[in-house]
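Only one structure is covered here, and it is reproduced in the block below.
Rule-based calculations on the coordinates, nothing more; no lab input. In this text the structure is predicted, and so the values were computed from the model without any measurement. In this analysis, Cβ positions are derived from the backbone assuming ideal geometry, glycine residues included, and neighbour counts consider all displayed protein chains.
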């Protein structure tokens, strides 16, 4: 499916829901100079009524593959993987734990759980909403973290992947977050084999 088709679905959906495209699809659209392209993965953030929005997507031919307790749904259609998430705040009881979530209806809170500024762009069908400086970081070719690596160490691997995929460089904050994470390694639960 092409970006223009997904944008059409978004514009139609926004008549009924406060929903946004978010993350890599928006980043890639910006990097491509706002031109149309074929999309393989797509993320939506929605303020409420996840079930109603999923039913809307099913009416467009999408098939649900999974619902989770974290307020998310995974769907697919013709090779496109689509994730929908209720906006939320995440709390971690200890480094590496699965988060506890509190559902919110505010982008300025939801954005704080995003991994990197370049993936923290929201699109309402008409304009890109950038609360974390992601557009500037794209123009500078920088991977800058938002959320702690200690809470979710997989962010480190995603950062490496994005750096290589996009040809970007790490920000100073990236290395600061790595250093911060070193001090928490003792707090991970010990697992014996």
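Quick notes
- Relative contact order of region 3-140, pairs being alpha-carbon contacts under 8 Å that are 6 or more residues apart, as %: 25
- Taking every alpha-carbon pair under 8 Å whose residues sit at least 6 apart, region 1-49 reaches a relative contact order of 50 percent.
- Most mobile listed residue (105, 47, 69) in the chain, GNM with C-alpha springs under 10 Å: 69
- Residues of region 81-118 falling in the label zone of residue 131, defined by backbone nitrogen less than 12 Å from a point 7 Å along Cα to beta-carbon, are 87-90, 104-114.
- Residues 118, 30 arranged by fewest to most Cβ contacts within 10 Å: 30, 118
- Top of 49, 28, 83 by mean-square fluctuation, Gaussian network on the chain, Cα under 10 Å: 49
- For the chain, DSSP calls about 75 percent of its internal beta bridges antiparallel.
- Folded to 0 to 90 degrees: helix 172-182 orientation relative to the chain principal axis, Cα: 60
- GNM flexibility winner over the chain from 68, 148, 171 (Cα, springs under 10 Å): 68
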